[in-house]
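Student: Before I ask anything, here is the structure I am working with.
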Amino acid sequence: MKTSVLMVCLGNICRSPLAEGILKNKVNPEKIFVDSAGTAGYHVGNKPDIRSIAIAKKNGIDISKQSCRKFSKNDFKDFDLIYVMDKSNYKNIISLTNKVEEINKVKLLLDEITIDIKEVPDPYYDTDKGFKIVFDLINTACNTIAEKLT
Ligand code: 4NP
């Protein structure tokens, strides 16, 4: 059976589209389905932020065809693993359920790796350098996730 992984951030235009594209690039699509969503609906239907598209492209990954969507309660049923970028995403998501088995699906992405920081910083108001830091953090965590799932 396929394992399904959902990457979640606030806007679904900067961090989680990168996480979706990066993990997809590391796993067999026949075995693992990867998607992303945002806890807010500000950008629904939009492509990822051009700075996320650019840093992905620089690393050989095309995320330009992705379309922003908002996290829905159904995602708890549709996905086996839900990775959030920060603690505020975590709070927002678990406030939508009181089922322990659903809450247990939600994990902080950076808990997958040994690192001082616990959250992928929101790069929306940052510079290109911020997007590179975000790319590298997500890429390292996705190496571990891909290894675990393969
Ligand atoms: P993301 O970044 O959560 O990584 O997609 C953001 C994108 C948009 C906004 C905030 C964060 N915004 O306020 O519109």
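Student: Which residue out of Ser52, Ser64 is open to solvent by less than 60 Å² (accessible area, probe 1.4 Å) and under 23 Å from Asp111 (Cβ atoms)?
Tutor: Every option except Ser52 fails the conditions.
Student: Considering only region 85-98, how many residues are over 19 Å from Cys142 (Cα atoms) and within 16 Å of the ligand (Cβ to nearest atom)?
Tutor: Residues flagged as over 19 Å from Cys142 (Cα atoms) and within 16 Å of the ligand (Cβ to nearest atom) within region 85-98 amount to 4.
Let's see how each residue does on (1) under 23 Å from Met1 (Cβ atoms); (2) of a type in the set (A, V, I, L, M, F, W, C); (3) over 17 Å from the mean Cα position of the chain (by Cα); (4) in a strand (DSSP E or B):
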{"site": "Ile93", "(1), (2), (3), (4)": "no, yes, no, no"}
{"site": "Leu96", "(1), (2), (3), (4)": "no, yes, yes, no"}
{"site": "Glu101", "(1), (2), (3), (4)": "yes, no, yes, no"}
{"site": "Ile117", "(1), (2), (3), (4)": "no, yes, no, no"}
{"site": "Ile133", "(1), (2), (3), (4)": "no, yes, no, no"}
{"site": "Asn139", "(1), (2), (3), (4)": "no, no, no, no"}
{"site": "Cys142", "(1), (2), (3), (4)": "yes, yes, no, no"}
{"site": "Ile145", "(1), (2), (3), (4)": "yes, yes, no, no"}
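Student: Which one of the conditions (1) within 13 Å of the ligand (Cβ to nearest atom); (2) of a type in the set (S, T, N, Q); (3) touching a strand residue (DSSP E or B) at 6+ places or on another chain (Cβ under 9 Å) does Thr150 fail to meet, given that it meets all the rest?
Tutor: (1)
Student: Residues in region 110-138 that are within 15 Å of the ligand (Cβ to nearest atom) and surrounded by 13 or more Cβ atoms within 10 Å (Cβ to Cβ): how many?
Tutor: Looking only at that region, the number is 16.
Student: Just the residues that are open to solvent by 10 Å² or more (accessible area, probe 1.4 Å) and either more than 11 Å from the ligand (Cβ to nearest atom) or part of a strand (DSSP E or B) (or both), please, taken from region 1-19.
Tutor: Met1, Lys2, Thr3, Ser4
Student: Just checking, which of Ile32, Ile53, Ile82, Ile63 is within 19 Å of Tyr125 (Cβ to Cβ) and either more than 10 Å from the ligand (Cβ to nearest atom) or among the hydrophobic types (A, V, I, L, M, F, W, C) (or both)?
Tutor: Ile53
Student: So Glu101 ticks every box in (1) surrounded by 15 or more Cβ atoms within 10 Å (Cβ to Cβ); (2) more than 12 Å from the ligand (Cβ to nearest atom) but one. Which box is left unticked?
Tutor: (1)
Student: Could you go through region 68-82 and let me know if any residue there is open to solvent by 80 Å² or more (accessible area, probe 1.4 Å), in a strand (DSSP E or B) and more than 25 Å from Glu147 (Cβ to Cβ).
Tutor: Scanning region 68-82 turns up at least one residue that is open to solvent by 80 Å² or more (accessible area, probe 1.4 Å), in a strand (DSSP E or B) and more than 25 Å from Glu147 (Cβ to Cβ).
The values are calculated or read from the model by the stated rules, or taken from the named source; none is laboratory data. These numbers come from a predicted model, not from an experiment. Quick reminder, even Gly has a Cβ in these numbers, built from the backbone with ideal geometry, and neighbours come from all protein chains shown. Note: areas computed on protein heavy atoms with side chains; ligands, DNA, RNA excluded. Shrake-Rupley method; radii C 1.70, N 1.55, O 1.52, S 1.80 Å.
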